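Notes for the one structure printed next.
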Amino acid sequence: MAKEKKIVDVAKDDNKSNAKYGRNSSGKIVELEEKGDRKKRATTKRIVAFLLWAVGIFFEVVAILKLNGTINWLPSLSDLTFLIGCLVLDCIAVVIGSQFWKKANHIDPISEKNKTKFWLHNNLGTIVSVIAFLPIIILVLLNKDMDKKSKTIVSAVAAVLLIIAGVSSYDFNPVSSEQLQKAEQEVMAVSEDGFVYWAPTSKKYHVDPDCPAFSQSETVYKGTVKQAFEKNLTEPCRRCIPELENDHDHEDE
């Protein structure tokens, strides 16, 4: 027996966004939130990302200065502990910064017409990860004053953290402005109000709040395609949009 669903209107209940949507006299969905407001939210997140990346690189610089003997902070800590601590803090700052960057790109996606620019923009966090760890790995391996055991430990830790930061920062599902526009057009063609729906565990957005995929969901969220994309829900449910059914298999919703 299907559970009774509670539909939560994200546009009204999400205090983090003042976005409102409706249709104009031609029946086209319009965003009542100023486009500048959406870009402003994305810009704020990008600024935070750059600040966190700067903090991460700062810890890398501190580690390098410690490595070459320029600084001797916290004498109670061994050089090995100090270096590893700096690298861990470096990784934390870079990874968190990259999450802000990826979120901003889903709020305000760029065009994919220039493939190189599109990739570089969406995966800037991965590039920063390399900058934040590769130099110190090279310096550690070339350092003649560090004992072999410490050199092995620090270089291994730095390499592992580089992989963690790089993979965490990589956007495996980048969004383009063209992709967002196409999705909005598809929804407009089949939806009366232009809104889409998703459950807490959804991997896709739906245009039908009574879609069988929601049979086990007690809560269903209602929002726009833009809001779904912000949640990293960039694929439509093929059951809800039959016109697309022949192009894709019925995957887990």
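When each of ILE7, ILE57, ILE64 is tested for being at pLDDT 65 or above and in a strand (DSSP E or B), the lone residue that passes is ILE7. Scanning the range 173-214 for residues that are touching a Cys at 6+ places or on another chain (Cβ under 8 Å), part of a helix (DSSP H, G or I) and among the β-branched types (Val, Ile, Thr) yields a single hit, VAL190.
Quick grid of which residues meet (1) under 30 Å from THR116 (Cα atoms); (2) at pLDDT below 85:
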| residue | (1), (2) |
| --- | --- |
| LEU180 | yes, no |
| VAL187 | yes, no |
| ASP193 | no, yes |
| PHE214 | no, no |
| VAL220 | no, no |
| THR224 | yes, no |
| ARG238 | no, yes |
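Among the residues of the range 143-157, those identified as β-branched (Val, Ile, Thr) and open to solvent by less than 60 Å² (accessible area, probe 1.4 Å) are ILE153, VAL154, VAL157.
Only residues that are out of contact with any Leu (no Cβ under 8 Å at 6 or more places or on another chain) and assigned to a helix (DSSP H, G or I) were counted in the range 140-158, giving 6. Among the residues of this structure, LYS117 does not count as one that is crowded, with 17+ Cβ neighbours inside 10 Å, of a type outside the set (Gly, Ala, Ser) and farther than 30 Å from LYS149 by Cα. Among the residues of the range 164-206, those that are aliphatic (A, V, I, L, M) and within 17 Å of the chain's Cα centre (by Cα) comprise ILE164, ALA165, VAL167, VAL175, LEU180.
Scanning the range 187-205 for residues that are under 25 Å from ARG41 (Cα atoms) and open to solvent by less than 40 Å² (accessible area, probe 1.4 Å) gives VAL187, GLY194, PHE195, VAL196, TYR197, TRP198, ALA199, SER202, LYS204, TYR205.
Within the set ILE137, ILE71, ILE84, the sole residue that is outside any helix (DSSP H, G or I), closer than 18 Å to SER150 by Cβ and aliphatic (A, V, I, L, M) turns out to be ILE71.
Taking the options VAL140, VAL128, name whichever one is more than 30 Å from PHE100 (Cα to Cα), open to solvent by less than 20 Å² (accessible area, probe 1.4 Å) and of a type in the set (Val, Ile, Thr). It is VAL140.
Please indicate, with yes or no, whether at least one residue in the range 210-221 is open to solvent by 40 Å² or more (accessible area, probe 1.4 Å), out of contact with any Leu (no Cβ under 9 Å at 6 or more places or on another chain) and under 27 Å from ARG46 (Cβ atoms). The answer is yes, given that some residue of the range 210-221 is open to solvent by 40 Å² or more (accessible area, probe 1.4 Å), out of contact with any Leu (no Cβ under 9 Å at 6 or more places or on another chain) and under 27 Å from ARG46 (Cβ atoms). Scanning the range 163-186 for residues that are in contact (Cβ under 8 Å) with a residue 60 or more places away in the chain and of a type outside the set (S, T, N, Q), we see that the one that is surrounded by the most Cβ atoms within 10 Å (Cβ to Cβ) is ALA165.
The values are calculated or read from the model by the stated rules, or taken from the named source; none is laboratory data. Because the structure is predicted, anything quoted here is derived from the model rather than measured. Counting neighbours? That spans all protein chains shown, and the Cβs are built from the backbone with ideal geometry, glycine included. Each accessible area value is taken on the protein alone, full model and side chains, heavy atoms only, with ligands, DNA and RNA left out. Shrake-Rupley method; radii C 1.70, N 1.55, O 1.52, S 1.80 Å.
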